[in-house]
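Here's the structure we're looking at; comments come further down.
The values are calculated or read from the model by the stated rules, or taken from the named source; none is laboratory data. Because the structure is predicted, anything quoted here is derived from the model rather than measured. Note that we place each Cβ from the backbone using ideal geometry, even for glycine, and neighbour counts take in every protein chain shown. In case anyone asks, the SASA skips ligands and DNA or RNA and just uses the protein heavy atoms, side chains included. Shrake-Rupley method; radii C 1.70, N 1.55, O 1.52, S 1.80 Å.
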Amino acid sequence: MSDNDYSPHLKVHKVDSAAEAYLEIFRHWGIRYVFGSPGSEYIPFWEALAKFSSVNKHPRYINARHESLA
């Protein structure tokens with residue numbers, strides 16, 4: 001059984017964390033922006049998002065001043 005047996009339309013990329021896996025899925029779905037207000041419980045996600053941004057990949061992060069605006 002190969003990695004592609006589970007989702008033939010999704011290219012499998014090596015990722016270092018679950019947060020990076022989520023971002024790869026978001027990118028596959030065409031999500032270009034993530035809106036939010038960063039908090040300590042999501043640090044792995046924000047770190048992965050910063051890594052994606054540093055290599056010019058989507059999704060991109062847009063910071064909201066308050067969580068109700070995100």
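Name the pairs: first residue in the stretch 40-58 and closer than 17 Å to Trp29 by Cα, second residue open to solvent by less than 80 Å² (accessible area, probe 1.4 Å), Cβ to Cβ under 6 Å, at least 6 apart or on different chains?
Listed by first residue and then by second, the contacts come to Leu49/Tyr61; Phe52/Leu23.
Among Tyr42, Tyr22, which is modelled with pLDDT under 85 and part of a helix (DSSP H, G or I)?
Exactly one residue qualifies, and that residue is Tyr42.
Consider Ser68 carefully, then state whether it is exposed (fewer than 14 other Cβ atoms within 10 Å of the Cβ), at pLDDT below 85 and in a helix (DSSP H, G or I).
Yes; evaluated as a whole, the condition is true for this residue.
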